[in-house]
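Participant: Quick one: the structure is below, questions incoming.
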Amino acid sequence: MKQRLAVLGSTGSIGTNTLDVVARHPERFEVVALTAATQVDLMLAQCERFRPRVVVMASAPHAAELARKIKEKGLDVGVDTSKDALEKIASNSAVDTVMAAIVGAAGLAPCLAAARAGKRLLLANKEALVVGGEVFLRAVREGGATLLPIDSEHSAIFQSLPEDPATWAARIDKIILTASGGPFRTRDPATLGEVSPEQACAHPNWVMGRKISVDSATMMNKALEVIEARYLFGVAPDQLDVVLHPQSVIHSMVQYRDTSVVAQLGTPDMRVPIAYGLAWPERIASGAAALDFHALQDLTFEPIDSAAHRARYPGLALAWESLRAAPGTCAVLNAANEVAVAAFLERRIRFDQIHQVNRATLDSVPADAPDNLEALLALDARARATAVRAADRLAG
């Protein structure tokens, strides 16, 4: 029987790579639903190729435009414009597997819906755990969902762990996430205020969306991944470490109690973790190039805690600070960072002021241990409003 798939965020980098893998295995997968924000023409092309039963566009005008073009093409594809369309798709009984690739806190509600409905949930939206934390994990447990990480780092960790999660706590010494360092790893920290959005989005190894590319440049992406790893794998904050690995070949590692280290290696291509998540516990062809060990010259590592790197990446330490603070603090950090990155991409604040917005918001918004979706969204809204004011002051 084919695995019936919904791709939330199908026109983004993760979504298009997911559909690339799916297209290589038509005998295994059926695309039931696709969702996107505003890219009408790309969504239309995906509808023509994969013939989903239903699609969703986050923007009402773009949904109307897509519906018109679908009708002109004579496609039998419905366009759901209801307010809770994403949650309905994520929990639909016709869907077995949900690829959650919507960027930001906007992906939290459909992730929760998929978890409560007991879906096989491929998590590329790290904010579901960063913002949702224990609320999201409770939904996974109560719904009987299967949670599979898609971020390259967390997929690497998952692949390096024993199959039985009940044994993890007794065996793991620490988890080591690798970081490329982004485009500014060797840049003088004193010049970071001069960085343009185009420079920040030019990642040396990965092809990603603009927001996650900026997060990689500030290392906030790694901070969010540290938080996500804490919830995914049930380890304490002091069992999480980060090391710079510029080649992006080793995607992450697990160090065990006997000091042995198990790592996952591969080319920097998101189709590898996507294919693993889609087929788990089996493995299928991803379309990615294999590592050529004859051409691989060096694998190098750098400590993240040098004075220069602390100056380049001041936001990284906020991960451990937030994990040790009151529940909900990680949600505040995520909201602030989304606002700050947007302000930078709009050229309203400088690159080095992203951290200032995050720091100011954490200092101003008390976390209140949110225990449901409504409380999480309310805390997220308060943090965003505070971050907007902080960005406005800096833009001044």
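Participant: Please report, ordered by residue number, the helices (runs of 4 or more DSSP H) entirely within region 253-324 with at least 3 residues that are buried (at least 18 other Cβ atoms within 10 Å of the Cβ) and modelled with pLDDT of 95 or more.
Facilitator: Numbers: elements: 271-279, 307-312, 318-324.
Helices (runs of 4 or more DSSP H) meeting the threshold: 271-279, 318-324.
Participant: Further, regarding this structure: So which of 335, 319 is closer than 23 Å to residue 123 by Cα, in contact (Cβ under 8 Å) with a residue 12 or more places away in the chain, of a type in the set (Gly, Ala, Ser) and in contact with a strand residue (DSSP E or B) (Cβ under 9 Å, 6 or more places away or on another chain)?
Facilitator: Working: 335 fails: in contact with a strand residue (DSSP E or B) (Cβ under 9 Å, 6 or more places away or on another chain).
When all the criteria are applied, what remains is 319.
Participant: Quick check on region 23-60: of everything there that is open to solvent by 50 Å² or more (accessible area, probe 1.4 Å), touching a residue at least 40 places away in the same chain (Cβ under 8 Å) and touching a strand residue (DSSP E or B) at 6+ places or on another chain (Cβ under 9 Å), which residue is nearest to residue 281 (Cα to Cα)?
Facilitator: My answer is 28.
Participant: Separate question: Of these, 370, 366, which one is surrounded by 21 or more Cβ atoms within 10 Å (Cβ to Cβ), part of a loop (DSSP other than H, G, I, E, B) and over 21 Å from the mean Cα position of the chain (by Cα)? Walk me through it before giving the result.
Facilitator: Numbers: 366 fails: surrounded by 21 or more Cβ atoms within 10 Å (Cβ to Cβ).
Step by step, each of 370, 366 is checked, and only 370 is surrounded by 21 or more Cβ atoms within 10 Å (Cβ to Cβ), part of a loop (DSSP other than H, G, I, E, B) and over 21 Å from the mean Cα position of the chain (by Cα).
Participant: Taking residue 118 and the conditions (1) open to solvent by 20 Å² or more (accessible area, probe 1.4 Å); (2) closer than 25 Å to residue 384 by Cβ, which numbered condition does it fall short on, given that it satisfies the others?
Facilitator: In the conditions (1) open to solvent by 20 Å² or more (accessible area, probe 1.4 Å); (2) closer than 25 Å to residue 384 by Cβ, residue 118 misses (2) alone.
Participant: Moving to a separate point now. Do we have residue 216 as under 19 Å from residue 150 (Cα atoms), not in a helix (DSSP H, G or I) and not aromatic (Phe, Trp, Tyr) here? Full working, then the answer.
Facilitator: Numbers: under 19 Å from residue 150 (Cα atoms): yes; not in a helix (DSSP H, G or I): no; not aromatic (Phe, Trp, Tyr): yes.
Taking the combined requirement at face value, the residue does not satisfy it.
Participant: I'm trying to understand the selection: among the residues of region 345-363, which are crowded, with 24+ Cβ neighbours inside 10 Å and either more than 13 Å from residue 395 (Cα to Cα) or among the aromatic types (Phe, Trp, Tyr) (or both)?
Facilitator: 358, 361
Participant: Here's something else I'd like to know. Show me the strands (runs of 3 or more DSSP E) entirely contained within region 1-86 in which 3 or more residues are closer than 23 Å to residue 208 by Cβ. Don't jump to the end; show me each part of the working.
Facilitator: On the way: elements: 3-8, 29-36, 54-57.
Output list reads 3-8, 29-36.
Participant: Could I ask something else about it? Among the numbered conditions (1) within 18 Å of residue 320 (Cα to Cα); (2) buried (at least 17 other Cβ atoms within 10 Å of the Cβ), tell me where residue 342 comes up short.
Facilitator: Of the numbered conditions (1) within 18 Å of residue 320 (Cα to Cα); (2) buried (at least 17 other Cβ atoms within 10 Å of the Cβ), the odd one out for residue 342 is (1).
Participant: Are there any pairs, at least 6 apart or on different chains, whose C-beta atoms fall under 7 Å, with the first in region 1-22 and more than 15 Å from residue 53 (Cα to Cα) and the second of a type in the set (S, T, N, Q) and open to solvent by 30 Å² or more (accessible area, probe 1.4 Å), and if so, which?
Facilitator: Correct list of pairs: 11/39.
Participant: Is it the case, given these coordinates, that residue 69 is without any contact (Cβ under 8 Å) to a residue 60 or more places away in the chain, surrounded by fewer than 21 Cβ atoms within 10 Å (Cβ to Cβ) and touching a Leu at 6+ places or on another chain (Cβ under 6 Å)? Spell out the reasoning first.
Facilitator: Values: without any contact (Cβ under 8 Å) to a residue 60 or more places away in the chain: yes; surrounded by fewer than 21 Cβ atoms within 10 Å (Cβ to Cβ): yes; touching a Leu at 6+ places or on another chain (Cβ under 6 Å): yes.
Yes; evaluated as a whole, the condition is true for this residue.
The values are calculated or read from the model by the stated rules, or taken from the named source; none is laboratory data. This structure is a prediction, so every number in the text was calculated from the model and none was measured. Counting neighbours? That spans all protein chains shown, and the Cβs are built from the backbone with ideal geometry, glycine included. Keep in mind that these areas ignore ligands, DNA and RNA; they rest on the heavy atoms of the full protein, side chains included. Shrake-Rupley method; radii C 1.70, N 1.55, O 1.52, S 1.80 Å.
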